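The values are calculated or read from the model by the stated rules, or taken from the named source; none is laboratory data. Computed from a predicted structure; not experimentally measured. Ideal geometry is used to build each Cβ from the backbone, glycine not excepted, and the neighbour counts take in all protein chains shown. With ligands, DNA and RNA removed, areas are computed over all heavy atoms of the protein, side chains included. Shrake-Rupley method; radii C 1.70, N 1.55, O 1.52, S 1.80 Å.
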Amino acid sequence: MRLHKIFYALLIFAVISMIDISVFLKFNWLFGAPDLQFHLQRIDELYQNVLSLHFFPLLATYHFNQVGSAVMSMYPKLPLYVYVFVRVLLRNPILSYYVGNAVMVWIGLLIGYFSFLSVMPKEKVMAFIFSITYGLSSVLVSYQYRIADLGVVSALLVLPLAFSGFYHWISSGRYRMMAIGITLVLLCHVLTFIFLILTLIIFTIINIKKISKKKILSLSKAVVATVLLTSTYWLPAMVISFTTRINPPQVFSLGGMDLSQFVKDALTNNVTFGFSIIAFLGFVLGTVGYKQLYKPFKQIYWVSISYVILSSSLIPWKIFQHTPLWIIQFPWRFIGISQLGFSVLFSIGLITFLSSLSKKFSVILCVMAVTIITVGLAVNLQARYVSFELPSPEFKHPVTPTHSFVVRRSEVWDKITNKREYQNLMKFNGTYDYYPQKTMHLSAWISEDKARINGKKRDVITTTKSLPDGKIFILRTKRMRKYLTLPFILYNKNYSVSVDGRGVAPVLNRQQLLTINDVSAGRHVIKVSYNETIIFIAMILLTMSGVVWLVHPGNLMSKRLKFGMKQGVNE
């Protein structure tokens with residue numbers, strides 16, 4: 001593809017991405033969503049670290065109650081860097097959030113477009129239709145704003161790269177695109193990664209006759225590359241998991257959605273957990289034109305339908321509540337893969353029909369109409385969400401254990417209109433995921449920045465200063481104390497602790513909190529920080545090894561992949 005055409009694609013998708021946030025730029029306010037505080041605090045945590053030139057924080061010390069929670073290690077954080085980069089440029093936390101969303105959509109549109117072209121290089125119009133109907137689908141809009149689950153949105157936006165890569169592997173043994181796609185999904189969202197691997201296994205079984213020794217070898221190379229390239233996530237997560245019994249994420253009741261509700265929400269463009277009207281039309285077109293579909297698209301058709309059923313109440317999910325399947329949390333998350341599959345079928349069906357028209361002008365008009373309708377549906381869903389949230393109360397008071405979020409019609413109902421209210425949202429966070437299990441019963445107390453005397457309920461007020469992966473406590477004691485318990489979690493003994501500039505051995509009490517023994521009377525400055533040097537070096541070495549493994553000339557094919565197979569899909 002020529003450079004000027006690539007530039008046009010970059011520009012067109014950039015314009016569409018900015019239109020996609022136009023409803024929110026009108027107000028420049030934040031509106032309530034279940035996961036908004038969680039992800040904004042993660043973004044701000046990374047932002048504060050980056051300002052200190054610390055780019056790989058493993059603990060939360062600026063937010064999440066500033067107690068050294070492992071939330072920054074246990075959840076992938078690749079998408080956060082996009083928001084932080086925008087924040088560094090714009091400074092304004094509210095504006096940068098929406099611009100960050102636009103950048104993520106822009107990246108997703110480009111990934112969708114070029115991934116499709118890698119499979120069908122001559123079908124540029126089809127690739128464009130797929131890119132916008134998937135990247136701006138109601139499902140992704142809902143995840144991005146009504147739920148504010150940035151991890152899921154990011155993972156779904158890069159899914160086309162993984163599936164296109166799988167096509168190249170199953171067709172010709174080329175594995176790099178698949179390895180990169182799977183890597184990006186894992187670095188965005190773990191559960192979507194699990195769904196992706198499950199889906200790829202299904203497609204592999206369906207195409208088992210195509211598997212050769214050469215493809216098995218290239219698959220093993222993809223696995224090695226993926227493991228190495230994702231070490232920035234799994235290595236620190238493993239270190240913490242293997243040294244501490246941690247509290248798992250919140251458990252939700254398993255249950256699917258009613259199929260009729262899926263269809264109703266799609267047709268009324270009122271999607272929260274289902275698929276879009278475009279995906280529904282993709283199902284219709286795929287059904288009507290099933291006999292004309294190439295074999296790979298027939299597979300996509302059936303897998304997409306299977307995941308819709310799997311997401312529904314037709315499956316007795318409640319009987320799996322106390323099995324390892326509880327980790328799925330919400331079965332309707334399978335629907336994201338169905339959305340992708342049906343978007344592919346919609347694009348193929350539409351362009352195949354338009355190609356039968358004799359007038360090129362008619363084709364152009366139809367493509368423009370689909371673009372306008374797709375963008376309009378996305379903006380309409382956003383406008384309805386904003387309309388619901390506009391009458392909500394402003395966030396004028398800090399979050400505390402007793403003052404949280406207003407809920408209306410089962411949705412978070414509040415708004416943030418300025419930086420002061422934004423800071424109120426940055427206070428107490430009731431997320432205790434991945435705390436040590438022994439710390440859980442003290443989770444409310446440790447959020448108060450108080451030191452405890454001799455293990456009794458006699459507290460000393462402290463002044464604190466957050467550091468990258470560490471914290472400083474300043475306190476004063478009236479007399480000699482046998483020991484003080486500080487509100488900072490120690491997952492293991494891999495910490496450095498100093499009292500008044502003198503290094504001391506880190507002491508964990510039974511609740512895995514930092515403890516200082518034999519504290520004399522007077523003012524004291526206590527500093528604690530996580531020793532991450534070895535982990536950091538290991539992550540860098542493993543990641544660089546993955547890059548070398550992926551691009552080393554000895555691994556390159558004799559014929560370079562240039563937007564996939566020359567013939568495209570022909571099976």
Of all chymotrypsin sites (Phe, Trp or Tyr not before Pro) in the stretch 416-486, the ones in DSSP coil with at most 10 other Cβ atoms within 10 Å are none
Under a no-solvent Debye model with one identical scatterer per Cα of the stretch 1-133, what's log10 I(q)/I(0) at q = 0.13 Å⁻¹? -0.67
Shape parameters for the chain, alpha-carbon atoms, Rg then Dmax in Å: 25.6, 93
Answer in debye to the nearest 20: the dipole magnitude of the chain about its Cα centre, from +1 Lys/Arg and -1 Asp/Glu charges placed on Cβ, is 1000 debye
Using only Cα atoms, tell me the angle between helix 277-288 and the longest principal axis of the chain; keep it within 0 to 90° and round to the nearest 10. 40 degrees
Per residue, how much accessible surface does the chain expose to a 1.4 Å probe? Answer in Å², no decimals. 45 Å²
Could you give the distance between the Cα centres of the stretch 170-190 and the stretch 63-109, to the whole Å? 23 Å
Listed pairs K215/K360; K264/K291; K5/K291; K5/K264; K122/K298 exceeding 30 Å between Cα atoms: K215/K360; K5/K291; K5/K264
In nanometres, what is the gap between the two model label sites at F7 and I327, each 7 Å from Cα along Cα-to-Cβ? 4.8 nm
Any idea what angle helix 150-172 forms with the longest principal axis of the chain, computed on alpha-carbon atoms, 0 to 90 degrees, nearest 10? 50 degrees
Measure nothing fancy, just the Cα-based angle from helix 93-119's long axis to the longest principal axis of the chain, in degrees from 0 to 90, nearest 10. 40 degrees
Beta bridges per DSSP with both ends in the chain, % antiparallel, nearest 5: 95 percent
Between the DSSP loop rule and a limit of at most 16 other Cβ atoms within 10 Å, which trypsin sites (Lys or Arg not before Pro) in the stretch 7-109 are left? K26, R91
Where the centroid of each part is defined by its Cα atoms, how far is the stretch 423-499 from the stretch 6-29 in Å? 43 Å
Ratio of alpha-carbon Rg to the 2.2 N^0.38 Å globular estimate for the stretch 494-553, to two decimals, please. 1.81
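Tell me the relative contact order for the stretch 446-539 as a rounded percent, counting alpha carbon contacts under 8 Å between residues six or more apart.
Taking the mean separation of contacting Cα pairs over the length of the stretch 446-539, I get 31 percent.
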Averaging over every viewing direction, what projected area does the convex hull of the Cα atoms of the stretch 259-365 cover, in nm²? 8.2 nm²
Restricting to DSSP H runs of at least four residues, report the calculated mean residue ellipticity at 222 nm for the chain, -39500 (n - 2.57) per run over all residues, nearest 500 deg cm²/dmol. -17000 deg cm²/dmol
Cα lying deepest toward the dipole's positive end in the stretch 328-430, options H403, L340, L354, charges on Cβ: L354
Please list, or write none, the lysines whose alpha carbon is within less than 16 Å of the alpha carbon of K415, excluding same-chain residues fewer than 8 places away. K26, K396, K427
Zero-based 5 Å bins, Cα pair distances in the stretch 384-528, whole percents: 2, 8, 16, 18, 16, 11, 9, 8, 5, 4, 2, 1, 0
Length-normalised contact order of the stretch 78-135 in % [C-alpha pairs under 8 Å, at least 6 apart]: 28 percent
For q values of 0.10, 0.15, 0.18, 0.21 Å⁻¹, compute log₁₀ I(q)/I(0) with the Debye formula on a Cα-only model of the stretch 63-171, without solvent. -0.36, -0.73, -0.95, -1.14
Whichever aspartates and glutamates have a C-alpha closer than 18 Å to that of K419, once near sequence neighbours (fewer than 8 apart) are set aside: D44, E45, E394
In whole percent, the fraction of accessible protein surface over the chain that belongs to carbon or sulfur atoms, probe radius 1.4 Å, stands at 66 percent
